[in-house]
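Written out below as structure tokens is the structure these notes cover.
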Amino acid sequence: MLQSKLFPKTRKEAPKEAESANHQLLVRGGFMDQLMAGSWTLLPLGWRVVTKINQIIREEMNAVGGQEMLMPLLHPRKIWDQTGRWEKAKEVMYQFKDTRGKEFALSFTHEEIVMDLLRKNVTSHKDLPIYVYHFSTKFRNEARPRSGILRGREFMMKDLYSAHTTEKDMWDYYEKVKIAYSKIFKRLGFDFRVTDAPGGVFTDGNTHEFQVLAEGGEDTIYFCDKCSWGVNKELLGDKVGKECPKCKKGKIVESRAIEVGNIFPLGTWYAERMKVYYTDDKGKKKPVWFASYGIGSTRVMGALVEVSHDDKGIIWYPQVAPFDVHLIDINQKGKAKEIYEKLLKEKVDVLWDDRDVAAGEKFADADLIGIPVRMIISADTGDKVEWKERAGDKVEIITLDQTIKRLK
């Protein structure tokens with residue numbers, strides 16, 4: 001990609017209302033743009049990052065048997081009335097009437113829609129289990145959207161739904177997904193904890209949240225410094241320094257955190273209300289056991305910036321960076337063009353700063369955008385290139401072949 005063609009240009013100043021790091025840096029770097037409070041456009045750089053995040057999620061969902069599909073965002077009131085959530089979730093749902101007076105909602109989640117699909121397609125125990133997921137936009141009526149892309153009224157989410165014949169089968173798969181989520185967040189590079197949390201408008205029981213430790217986080221969590229035990233503040237209150245109730249060896253510590261995923265064991269509550277039954281091997285009619293699992297992929301992008309940046313800009317981890325390398329030429333356009341074309345031929349994803357601007361501006365933009373590797377071509381590098389990683393200060397002069405080998 002030629003930086004001269006990249007839309008839009010970077011900004012020197014952050015928006016006046018931007019308080020969080022992700023709001024400031026993602027807007028300045030040209031990754032996203034705010035249409036209104038809580039509503040964001042993912043610009044080309046931002047879409048590249050979210051696409052890579054989604055691919056990591058997709059691979060782990062497929063690995064546990066998930067089948068990808070896509071469900072509607074516009075829902076009729078009648079399907080939400082079947083579970084009573086039209087009224088129960090009124091505060092977070094966008095509800096409205098069309099010109100004919102019919103009532104609809106914009107999707108804030110898809111449990112009812114999946115239940116309707118199951119009701120139409122499941123009759124026997126032989127039809128189960130089923131694991132389906134999709135990536136889609138969610139709409140939630142946040143009273144105070146804030147923290148950039150971390151808390152919006154409109155955002156992208158991956159939600160997986162599983163349907164089972166028995167409670168045991170539901171819990172077995174639930175644990176598989178919990179492990180898969182941990183793999184996802186490790187692959188994304190997060191320092192995170194799994195915490196118990198209340199179910200909100202999804203379930204009366206407890207759920208599990210995946211919380212990234214971050215100073216700029218909106219949540220407060222408590223966890224053991226020795227084992228895997230952890231809870232959301234809503235369940236525990238403040239018991240810092242007390243003995244861990246699970247291992248009895250560690251102490252409870254407190255941290256600010258960003259919720260990036262949540263999983264919900266929903267039981268038969270939805271099936272009983274929406275009359276989603278299957279016939280077992282003895283011919284008896286039974287309700288389907290159900291669970292749902294969400295990851296906010298645009299929220300993940302914001303969380304990555306919150307935990308990986310400095311005073312110059314973003315520091316992307318290689319697995320989610322918009323490009324593999326940022327090629328910068330200092331009055332060496334002919335040579336840079338030759339290297340650029342060779343990198344493309346080797347399937348290296350490269351952003352070439354081909355603009356006719358001062359070197360200082362190129363370096364400042366490279367730091368702001370945060371691509372993991374900066375490759376500089378100048379009169380001083382001769383037939384080699386300068387290699388510098390965004391996360392460090394070390395500079396090396398190496399051959400192009402060495403560069404390609406490292407990048408691949």
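Restricting attention to the stretch 205-304, which GluC sites (Glu not before Pro) occupy a DSSP loop and are surrounded by at most 12 other Cβ atoms within 10 Å?
Glu215
Over the Cα atoms, compute the radius of gyration (one decimal) and Dmax (the largest Cα-Cα distance, rounded to a whole number) for the chain, in Å.
24.2, 81
Could you put Phe192, Phe104 in order, starting from the residue whose Cβ has the fewest other Cβ atoms within 10 Å?
Arranged by neighbour count, lowest to highest, Phe192, Phe104 become Phe104, Phe192.
As a footprinting exposure proxy, order Asp238, Asp383, Asp127 by other Cβ within 10 Å, with the fewest listed first.
Taking fewest neighbouring Cβ atoms as first place, the list is Asp383, Asp238, Asp127.
Under the 0.36 nm per residue contour assumption, what length would be gained going from the current alpha-carbon distance of Ser228 and Ile397 to full extension?
Result: 56.4 nm gained on full extension.
When all C-alpha to C-alpha distances in the stretch 122-243 are sorted into bins of 5 Å, what percent of pairs does each bin hold, rounded to whole numbers?
The distribution over the stretch 122-243 is 2, 8, 13, 19, 22, 16, 10, 6, 2, 1, 0, given as percents.
Could you work out, for the stretch 253-325, what percent of all Cα-Cα pairs fall into each 5 Å distance bin, beginning at 0 Å and stopping at the bin that holds the largest distance?
So the P(r) values, bin by bin, are 3, 12, 13, 13, 11, 9, 7, 8, 8, 7, 5, 2, 1, 0.
Can you list the aspartates and glutamates whose alpha carbon sits under 16 Å from that of Lys335, skipping same-chain ones fewer than 8 residues off?
Cross-link targets: Asp353, Asp354, Asp356, Asp380, Asp383, Glu386, Asp401.
What is the Cα centroid distance between the stretch 285-330 and the stretch 227-259, reported in whole angstrom?
26 Å
Taking only the alpha-carbon atoms of the stretch 62-119, what semi-axes of the equivalent ellipsoid follow from 5 times the gyration tensor eigenvalues under a square root, in whole Å, largest first?
Gyration-tensor ellipsoid for the stretch 62-119: 24, 12, 11 Å.
Reachable lysines from Lys102, Cα under 27 Å, same-chain residues fewer than 8 places away excluded?
Lys78, Lys88, Lys90, Lys120, Lys138, Lys275
Please work out the FRET efficiency for the pair Lys12 and Asp172, using the Cβ-Cβ distance as r and a Förster radius of 60 Å; give the result to the nearest 0.05.
Calculated value: 0.65.
Mind checking which of Asp356, Asp191, Asp281 has the largest fluctuation in a GNM of the chain, springs on alpha carbons under 10 Å?
Asp281
Please compute the Cα-Cα pair-distance distribution of the stretch 325-407 with 10 Å bins starting at 0, giving whole percents from short to long.
P(r) for the stretch 325-407, in whole percents per bin: 18, 59, 23.
Run the quick spin-label model on Glu254 and Phe96: label points 7 Å from Cα toward the beta carbon, then report their separation in nm to one decimal.
4.2 nm
We did not get these values from a lab; they are worked out from the coordinates using the rules stated. In this text the structure is predicted, and so the values were computed from the model without any measurement. With ideal geometry, Cβ positions are generated from the backbone for all residues, glycine too; neighbour counts draw on all protein chains shown.
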